[in-house]
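Written out below as structure tokens is the structure these notes cover.
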Amino acid sequence: MKMINFSSQNVIQLLVIFPFFQDVLCANILGVFPIEALSHHIIFDSYMSELHRRGHNVTVYSHYPDLASEQYKRIQIINVSSILDPNYVTMDHMYSPSILNNYKHMFHIMRNGETYTQTDALRQLYDQPEDIYDLIVIETCNTDLYLALIERFKAPFIAWTTSPLFVWSADRTGTPTHPAYIPVLMTSYGSQMNFVERTCNTLLRSIAFHKYYTESSIFSQKIASKLYKNASQLDQLVLKTSLLFVNTYHSLWDSRPLPQNVVEVGGLHVKPSKPLEEV
């Protein structure tokens, strides 16, 4: 084997070009998180901050730009603190024994989507060159309206859900949601259901798809068709999901079959513990 001898000149050349390797390997990553929910953004920031620490160029559009733990580029979606009534986003409104009421309030928040898409921040984002981003990170929850941005930039995208999977989020990645042993989110059922619970769970699964279609998909598509004239149908864009991160962990939420492009990341936002102060 022939040995390679490095002269001092070779070493100097390597030292000169090495600092540029980081710029070559880093990516331009866009995060778009338009749902007004502080608890969601705490989780997103953990991921985007880590990407920033690893040398990537990170840009995030959200309602909480001051939340970021790292100094990546942050842009506020709307120039007011909130267009939601602060008294609306409470546990009393967002959780009730009735799954239908839960869906009602979830999709009520989604009705602000048209206001958000017409803000200066998101309009300017949509007007940027199509090859500016290498990767896009976006939330899947109560609407797919913002997937029009994905098509605009021709970039692969990662979807995030800050809760266990909704049936409509699971469906786009081929994740099983068999009602015999996988409970519909917002029910109190576990994986070991009796016959009556399985029957109710099957009915609720159908209701969940129906509510999402009638109260989110139709409304979101109407906005997208009006604002983004050449955009594809949203129900086709969701099928381009490259990766789906789910804020669960099987020891707490029961195990379930997941395809390789669905990854559990529960606890990602939990910081290392600190020693208690002595009193």
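Let me confirm something: among Asp144, Asp131, which residue is surrounded by 23 or more Cβ atoms within 10 Å (Cβ to Cβ) and part of a loop (DSSP other than H, G, I, E, B)? Result of the check over Asp144, Asp131: Asp144. For the stretch 123-143, a tally of residues being within 17 Å of the chain's Cα centre (by Cα) and not aromatic (Phe, Trp, Tyr) returns 10.
So that you can scan it fast, the table gives a plain yes or no per residue for (1) out of contact with any helix residue (DSSP H, G or I) (no Cβ under 9 Å at 6 or more places or on another chain); (2) in a helix (DSSP H, G or I); (3) at pLDDT below 85; (4) farther than 20 Å from Gly266 by Cα:
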site	(1), (2), (3), (4)
Lys2	yes, no, yes, yes
Asn5	yes, no, yes, yes
Val11	yes, yes, yes, yes
Leu30	no, no, no, yes
Asp45	no, yes, no, no
Glu50	yes, yes, no, no
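Looking only at residues that are closer than 11 Å to Val167 by Cα and among the small types (Gly, Ala, Ser) in the stretch 185-208, which one is surrounded by the most Cβ atoms within 10 Å (Cβ to Cβ)? Out of the qualifying residues, it is Ala208.
Summed over the stretch 33-43, residues that are at pLDDT 85 or above and either surrounded by fewer than 19 Cβ atoms within 10 Å (Cβ to Cβ) or over 18 Å from Tyr72 (Cβ atoms) (or both) total 1.
For Ala155, state whether it is assigned to a loop (DSSP other than H, G, I, E, B) and open to solvent by 20 Å² or more (accessible area, probe 1.4 Å). Spelling it out, it is not the case that Ala155 is assigned to a loop (DSSP other than H, G, I, E, B) and open to solvent by 20 Å² or more (accessible area, probe 1.4 Å). Considering only the stretch 254-267, I want to know if a residue exists there that is over 24 Å from His178 (Cα atoms) and either crowded, with 17+ Cβ neighbours inside 10 Å or at pLDDT below 90 (or both). The answer is yes; a qualifying residue exists. Cβ-Cβ distances below 8 Å connect the following pairs, each with a first residue in the stretch 228-243 that is closer than 20 Å to Val137 by Cβ, a second residue that is open to solvent by 40 Å² or more (accessible area, probe 1.4 Å) and of a type in the set (Val, Ile, Thr), and a separation of six or more residues or different chains: Leu243/Val263. Pairing each residue of the stretch 25-39 that is free of Cβ contacts under 8 Å to residues at least 40 places away in the same chain with any residue that is of a type in the set (Ser, Thr, Tyr) and open to solvent by less than 10 Å² (accessible area, probe 1.4 Å), provided the two are 6+ apart or on different chains, yields no C-beta distance under 7 Å. Could you list, in sequence order, the residues of the stretch 194-210 that are touching a Pro at 6+ places or on another chain (Cβ under 7 Å) and farther than 23 Å from Phe107 by Cα? Once the filter is applied, which keeps residues that are touching a Pro at 6+ places or on another chain (Cβ under 7 Å) and farther than 23 Å from Phe107 by Cα, the stretch 194-210 yields only Arg198.
Checked against the criteria, Gly174 does not count as without any contact (Cβ under 8 Å) to a residue 60 or more places away in the chain, exposed (fewer than 13 other Cβ atoms within 10 Å of the Cβ) and at positive phi. Kindly establish whether Glu114 is buried (at least 19 other Cβ atoms within 10 Å of the Cβ), at pLDDT below 85 and in a helix (DSSP H, G or I). In short, no.
The values are calculated or read from the model by the stated rules, or taken from the named source; none is laboratory data. Model, not experiment: these values are computed from the prediction. Every residue, glycine as well, gets a Cβ built from its backbone with ideal geometry; the counts of neighbours run over all protein chains shown. Heads up: the accessible areas ignore ligands, DNA and RNA and are worked out on the full protein's heavy atoms, side chains in. Shrake-Rupley method; radii C 1.70, N 1.55, O 1.52, S 1.80 Å.
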